[in-house]
Amino acid sequence: MGNLRALSCFILLILVVFTTARPKSGPDQKCKSGPVDLVFLIDSSRSVRPHEFETMRKFMIDILNTLDIGLDSTRVGVVQYSSQVRNEFSLKTHSKLENMVKAINEIVPLAQGTMTGLAIRYLMNEAFSPGQGDRPKVSNVAVIVTDGRPQDRVAEVATEAREKGIEIYAVGVARADMTSLRAMASPPFEDHVFLVERFDLIHQFGLQFQDKLCGIDLCSESEHGCEHLCESTPGSYICHCLPGYRLNADGKTCSAIDLCAEGKHDCQQICISSPGSFTCDCNRGHQLNDDEKTCSPIDLCTEGKHGCEQVCVYVGPGIFTCECNEGYRLNVDEKTCSPIDLCAEGKHDCEQVCVNMGPGIFTCDCNKGYRLNEDEKSCSAIDLCAEGKHDCEQICVSAPGVFTCDCNKGFKLNRDKRTCTNMDMCNTVKHGCEYQCVNTPGSYHCICPEGQLLQEDGKTCGTCKSSNIDLVLLIDGSKSVRPQNFELVKKFVNQVVDSLDVSARGTRVGLVQYSSRVRTEFPLSMYHTAEDIKAAVLKVDYMEKGTMTGLALKHMLENSFSEAEGARPASHNIPRVGLVFTDGRSQDDISEYAKKAKEAGITMYAVGVGKAVEDELREIASEPVEKHFYYTTDFSAINTIAENLKLNVCPAESQGEVEVKDPCACENLVEFQQATMNSLDQLTQKLASMAARLEQLENQLLSRK
């Protein structure tokens, strides 16, 4: 009877141990470990047979049945992969268990290759992203189930995923490669890598995974063996030590840290150790300083038990001598001090002047007109020219302590007796004048032949003073233009470019193509020569699609003529010109931005071909419309428009055409006034040239005297 009672107690004890070792899983026992974002990554390659895939379905559903499913607790997503990756449902898709089970039962295997690395990258970048339902500060757990060797690289991408905080469990079945499983899984491998011989044994991992995910506290429910402190982790534990102790190699026991023995202290003399800390002490005859690290000897000087007037020198315990500060001498009483005057005593080696600076200190100085040498004793006469301490522009003539200025040949000393004027700069500098350089005192200017005007660069000549503009061309690249006609449009653009003086300081050109969208081919700031612009135009690709002329005008106004894209500031008064080339009716409204462009001071030209709408072209064009609006029925005739367009950009370059103008019209009066001012400017330049020439002759006569 006693034996039967003992056996009953033993059986009861075993039942208690097993029931407390792992929580029951099932409909009545859910995992309550807290919120988790869990994603299953399942291999559906062709090597996984249909009945094996069904086992994987049941495996996932069995695990789900143990979890507390919900948007605020455990979220679950499923991704299958083979040669491609397919998201079956994301973390935010389902909040109820029955919906997840239904979705899992409806999965159709991909039955292709095994691109595990590709699938892990999708897992990292997409499945665990906020857009797919990933929550901040919630654990990310991935379970990868595969039956073969990956056909791509997995080590690098798995490392990257783990570094982003994803805990990876790698489950291999049958033909799976252990090396690849370890490359994918999180450490420690004994907790995160599982390999079973066939699919019907995969439930073994499910049981272990449930224990780890549901977070059994192994510190409180197992013999952990930690000497000091135990910290529970999902499915495991970590031993820690109290402050001042270090965990031993066995990972459980602790040893006191002896900083003194390890030399990890900064005591000057004696180190006294306690676990993880230390205090300092000193040898006999010394005392610990305020820093509690270094030591100082105990002496009478420090304690003030001496009669020295200035300096007490410690010799040994109870022994000292008196000394004096620098510049003082110890008296016969061997305690008091007297100042030393080296200048008065003649104990110096100054060449000229000795200056007493205080007890025992002197400096040497020099008489006026001399400077102390580097030896700080001897003196040298001051040569201001040699030392560069003058303000002569060209030649310095030295005398002791003073200087006079002179000039090189071909220059004249100015009245300030310092600077020089170049009397013939046209022959001594690269003036860059296109026609003729005219000397002026200390400078020069360029002039042009009669009938031509000096351009804004001050060097070149031309008949068109207004040729420096910021020009943006908007070309229609819609489907109706067609490729062969688009090539003619590009030739048209290059004809316009040929008529302009393109440079960084001259005319700048930008190109925008539009259809259903707008694309800047190159801004005003990109190219500064006609050759570069024409080469870039020939490389432009045809866009096709719709005709959004209003959108293109908006882009031109807000972007193309901005200083960021190369338009010069409005304060520079550089004309801004926009040219729109189109072959059809706009599919959006043009009125608003056509008006805003002209109100912004942009001169607008409108060029239409074929089915272009005349009313739209006139609405785009600036006043007077007849000078800013062009139309032809055929793309082959647009070269004629390019030639006519040149007349309005630069009227003075018209080829033989004469326009009879009304002398009383306001604009003609202004034009006449401008022409008169230009003529007066040329006369002023000629007068300045003659005056400079007369001054040269006058200087030559004076030099001969």
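The values are calculated or read from the model by the stated rules, or taken from the named source; none is laboratory data. What you see is a predicted model; the values in this text were computed from it and never measured. Counting neighbours? That spans all protein chains shown, and the Cβs are built from the backbone with ideal geometry, glycine included. Calculation scope for accessible area: heavy atoms of the full protein, side chains included, ligands and nucleic acids excluded. Shrake-Rupley method; radii C 1.70, N 1.55, O 1.52, S 1.80 Å.
Just a few scattered comments:
- Odd one out for V609 among (1) crowded, with 18+ Cβ neighbours inside 10 Å; (2) within 43 Å of the chain's Cα centre (by Cα): (2)
- Subset of region 427-448 [open to solvent by 30 Å² or more (accessible area, probe 1.4 Å) and either closer than 12 Å to M690 by Cα or not in a strand (DSSP E or B) (or both)]: N427, T428, V429, K430, H431, G432, E434, Y435, T440, P441, G442
- Residue count, region 497-519 (criterion: out of contact with any helix residue (DSSP H, G or I) (no Cβ under 7 Å at 6 or more places or on another chain), open to solvent by less than 50 Å² (accessible area, probe 1.4 Å) and among the polar types (S, T, N, Q)): 4
- Restricting attention to region 103-134, the residues that are within 24 Å of E52 (Cα to Cα) and among the polar types (S, T, N, Q) add up to 4.
Every residue, every condition in (1) within 54 Å of the chain's Cα centre (by Cα); (2) modelled with pLDDT of 90 or more, yes or no:
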| position | (1), (2) |
| --- | --- |
| T363 | no, yes |
| C366 | no, yes |
| D375 | yes, yes |
| C396 | yes, yes |
| F411 | yes, no |
| G432 | yes, no |
| C437 | yes, no |
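- Matching residues, region 680-689, being open to solvent by 60 Å² or more (accessible area, probe 1.4 Å) and either of a type in the set (S, T, Y) or at pLDDT 75 or above (or both): T684, L687
- Qualifying position, being modelled with pLDDT under 60, open to solvent by less than 40 Å² (accessible area, probe 1.4 Å) and farther than 30 Å from V497 by Cβ, among A665, A692: A665
- Some residue of region 60-68 being in contact with a Lys or Arg (Cβ under 7 Å, 6 or more places away or on another chain), over 15 Å from I42 (Cα atoms) and not hydroxyl-bearing (S, T, Y): yes
- Matching residues, region 155-180, being open to solvent by 10 Å² or more (accessible area, probe 1.4 Å), assigned to a helix (DSSP H, G or I) and either closer than 16 Å to S47 by Cα or of a type in the set (G, A, S) (or both): A155, S180
- If you go through region 495-513 and pick out every residue that is more than 31 Å from the chain's Cα centre (by Cα) and either without any contact (Cβ under 8 Å) to a residue 12 or more places away in the chain or in a strand (DSSP E or B) (or both), you end up with 2.
- Residue check, H555 of a type outside the set (F, W, Y), open to solvent by 10 Å² or more (accessible area, probe 1.4 Å), out of contact with any Gly (no Cβ under 8 Å at 6 or more places or on another chain) and at pLDDT 95 or above: yes
- Residue in region 462-475 that is surrounded by the fewest Cβ atoms within 10 Å (Cβ to Cβ), counting only those that are modelled with pLDDT of 80 or more and not polar (S, T, N, Q): I469
- Restricting K479, K459 to residues that are modelled with pLDDT of 90 or more, open to solvent by 10 Å² or more (accessible area, probe 1.4 Å) and part of a loop (DSSP other than H, G, I, E, B) narrows the list to K479.
- Enumeration of residues in region 397-440 that are among the basic types (K, R) and farther than 30 Å from D457 by Cα: K409, R415, K417, R418
- Qualifying residue in region 589-601 (condition: more than 18 Å from A552 (Cα to Cα) and in a loop (DSSP other than H, G, I, E, B)): no
- Top-ranked residue in region 120-154 [being among the small types (G, A, S), surrounded by 15 or more Cβ atoms within 10 Å (Cβ to Cβ) and under 32 Å from the mean Cα position of the chain (by Cα); ranked as farthest from V79 (Cα to Cα)]: G133
- Cβ pairs under 8 Å, 6+ apart, first in region 244-260 and under 23 Å from I272 (Cα atoms) and in a loop (DSSP other than H, G, I, E, B), second open to solvent by 30 Å² or more (accessible area, probe 1.4 Å) and charged (D, E, K, R): I257/R246
- Each residue in region 60-75 was checked for being part of a helix (DSSP H, G or I) and within 22 Å of F128 (Cα to Cα), and 4 of them qualify.
- Subset tally (residues that are in a strand (DSSP E or B), among the hydroxyl-bearing types (S, T, Y) and under 30 Å from G307 (Cα atoms)) for region 331-369: 1
- Residue within region 305-327 that is surrounded by 12 or more Cβ atoms within 10 Å (Cβ to Cβ) and more than 30 Å from Q287 (Cα to Cα) present: yes
- Which numbered condition G285 misses (of (1) at pLDDT 90 or above; (2) open to solvent by less than 80 Å² (accessible area, probe 1.4 Å)): (1)
- Any chance C407 is open to solvent by less than 60 Å² (accessible area, probe 1.4 Å), modelled with pLDDT of 85 or more and more than 46 Å from the chain's Cα centre (by Cα): yes
- When residues of region 568-599 are limited to those that are of a type in the set (S, T, Y) and either without any contact (Cβ under 8 Å) to a residue 12 or more places away in the chain or open to solvent by less than 20 Å² (accessible area, probe 1.4 Å) (or both), the one nearest to L473 (Cα to Cα): T582
- Long-range neighbours under 6 Å by Cβ, at least six apart or interchain, first residue of a type in the set (F, W, Y) within region 527-555, second surrounded by fewer than 19 Cβ atoms within 10 Å (Cβ to Cβ) and part of a loop (DSSP other than H, G, I, E, B): none
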